[in-house]
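Have a look at the structure below before the remarks.
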Amino acid sequence: MDDCIFCKIAKGEVSSFKIYEDDNYFAFLDISNFTPGHTLVIPKKHYRFVWDVENIEGYFKVVQKIANHFRNNLKYTYVDTLIFGRMVPHAHVHVVPHNHDSEDWKNALKGIGELQRSDSTRRLCKEDGERIAEKFRID
């Protein structure tokens, strides 16, 4: 889809803070992050909804790989996954790392409550995005 922002991100036409990439999937920091490390995992091929992805098993193996990296290597107690298909018409899974009693968790809850707002105050700036992506990246 020519005007899809996530397709443009996957092709490298729009900059992002990349966390992971393989032949079929791309993961990057959500600029309207709920917590530091809040990642979106997308198929490179355009699908409107997650449930339309042809190789959904492969897709969720990548989501699992990222979540386990956050838990096992970065030592987050929890990694929540959320699927919302309304904000951007391209399949995407939110992967949200946090520690339940942390300020990040409170921000995550607030962010979920504000998900439909387009005037987010949680915008990720370039400096923070680069620093966070370096920490969370899977090489």
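Every number here is computed from the coordinates shown, using simple stated rules; none is lab data. Owing to the predicted nature of the structure, the values given are computational and were not obtained by experimental measurement. FYI the Cβ positions are ideal-geometry reconstructions off the backbone, even for glycines, and counts take in every protein chain you see.
Looking only at the stretch 1-23, count every residue that is part of a loop (DSSP other than H, G, I, E, B) and either crowded, with 17+ Cβ neighbours inside 10 Å or without any contact (Cβ under 8 Å) to a residue 40 or more places away in the chain (or both) and tell me the total. Break it down stepwise before answering.
Just the residues of the stretch 1-23 that are part of a loop (DSSP other than H, G, I, E, B), to begin with: 1-4, 12-17, 22-23.
Then keep just the ones that are either crowded, with 17+ Cβ neighbours inside 10 Å or without any contact (Cβ under 8 Å) to a residue 40 or more places away in the chain (or both); that gives 2-3, 12-17, 23.
Selection size over the stretch 1-23: 9.
Considering only the stretch 74-84, I want to know if a residue exists there that is assigned to a loop (DSSP other than H, G, I, E, B), in contact (Cβ under 8 Å) with a residue 40 or more places away in the chain, farther than 16 Å from K135 by Cα and more than 12 Å from the chain's Cα centre (by Cα). Write out each step before concluding.
To start, the set of residues in the stretch 74-84 that are assigned to a loop (DSSP other than H, G, I, E, B) comprises 74-77, 83-84.
Okay, now just the ones that are also in contact (Cβ under 8 Å) with a residue 40 or more places away in the chain, so 74.
With farther than 16 Å from K135 by Cα added as a condition, the list becomes none.
No - not one qualifying residue is present in the stretch 74-84.
Would you pick out the residues in the stretch 24-67 that are touching a strand residue (DSSP E or B) at 6+ places or on another chain (Cβ under 9 Å), part of a loop (DSSP other than H, G, I, E, B) and either touching a residue at least 24 places away in the same chain (Cβ under 8 Å) or closer than 26 Å to I132 by Cβ (or both)?
N24, D30, I31, N33, F34, T35, P36, G37, H38, K44, V53, N55
So for the stretch 78-99 (the condition being of a type in the set (S, T, N, Q) and either buried (at least 19 other Cβ atoms within 10 Å of the Cβ) or closer than 19 Å to I138 by Cβ (or both)), does at least one residue qualify? Spell out how you get there, then give the answer.
In the first step, residues of the stretch 78-99 are kept if they are of a type in the set (S, T, N, Q); the result is 81, 99.
The next check asks that each one be either buried (at least 19 other Cβ atoms within 10 Å of the Cβ) or closer than 19 Å to I138 by Cβ (or both); those that pass are 81.
Within the stretch 78-99, one or more residues are of a type in the set (S, T, N, Q) and either buried (at least 19 other Cβ atoms within 10 Å of the Cβ) or closer than 19 Å to I138 by Cβ (or both).
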